[in-house]
1. With N denoting the number of residues in region 84-155, provide Rg(C-alpha) divided by 2.2 N^0.38 Å, to two decimal places.
2. Amide H to amide H under 5 Å from residue 140: which residues, 5+ apart in sequence or cross-chain, H placed 1.01 Å off N in plane?
3. Could you order peptides 144-151, 91-98 by the average number of other Cβ atoms within 10 Å of their residues, highest first?
4. Check which residues have an amide H placed less than 5 Å from residue 31's amide H, if you skip close sequence neighbours.
5. In debye, nearest 20, what is the charge dipole magnitude of the chain about its Cα centre with +1 on Lys and Arg Cβ and -1 on Asp and Glu Cβ, if you could check?
6. Assign unit charges at the C-beta atoms only (+1 for Lys and Arg, -1 for Asp and Glu), then state the dipole size of region 58-147 relative to its Cα centre in Debye, rounded to the nearest 20.
7. If you stretched the chain out fully between residue 155 and residue 141, how much longer would it get, using 0.36 nm times the residue separation minus the C-alpha to C-alpha distance?
8. Could you compute how much accessible surface residue 74 exposes when probed at 1.4 Å, giving the result in Å² to the nearest 10?
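The values are calculated or read from the model by the stated rules, or taken from the named source; none is laboratory data. Just so we're clear, the structure is a prediction, and the values are computed from it rather than from any experiment. Here the Cβ positions follow ideal geometry from the backbone for every residue, glycine too, while neighbour counts run over all protein chains shown. Quick note on the areas: whole protein, heavy atoms, side chains included, nothing else; ligands and nucleic acids left out. Shrake-Rupley method; radii C 1.70, N 1.55, O 1.52, S 1.80 Å.
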Amino acid sequence: MVDGIPLRADAQLNKERILAAAEEVFLERGAGVSLDEVAKRAGVGIGTLYRRFPTREELLAATYSARFLMLAETSRAREADLDALSALRAYLEELVQYTNIYRGFAASLGTVLQIGTPGCLATSNTGARLLQNAQQAGTVAPDVSFNDLVCIATAISLSTEQDSSPQAHIAHLVSIFMNGIVKR
């Protein structure tokens, strides 16, 4: 859909081919791969790719949207079982893990989350709500913003993306950060 108008069947097929090709190429070679390579893999011209996705970040956001929706849903589902601080910690750990799926994606995380895909909106809104809940519970300092969380997720992602088994390292770094924002 463009401006509320459904895409023609061939344009929709091209969009789907671009997204499938981007997923494959980003998984194989990382988020910094040439967009020419994505277009070639999709069997479309670079102009077609840029018509649908004017920036790399828009393409990344579109390919990540379903993952981000899943992250938001998982966070909402476990929220009732955790205290506010633990829910925020679990969200931040998962955000870093999701960010590490494509090597090099972390550098674009903040921009991608602002694109406005359903997944980007859901992930941002969930994170902001979890942060606000922790602040209202009096467990997180009031001057911490969602953008601060994104910066930390970016830094942790960049520092762990080369780890062969990063989960323990991610949890450790998130704990260090969480200990720093706890309201005393």
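1. On the way: Rg = 11.9 Å, N = 72, 2.2 N^0.38 = 11.2 Å.
Compared with the compact-globule rule of thumb, region 84-155 sits at 1.07.
2. It is 135, 183, by chain and number.
3. On the way: 144-151: 16.1, 91-98: 23.4.
The peptides rank, most packed first, as 91-98, 144-151.
4. 103, 104, 105
5. Numbers: 17 positive and 20 negative charges, 44 e Å.
Here the chain has a charge dipole of around 200 debye.
6. On the way: 6 positive and 8 negative charges, 32 e Å.
It works out to roughly 160 debye.
7. Working: separation 14, 0.36 × 14 = 5.04 nm, distance 2.01 nm.
Length difference between fully extended and current span is 3.0 nm.
8. About 50 Å², ignoring ligands and nucleic acids.
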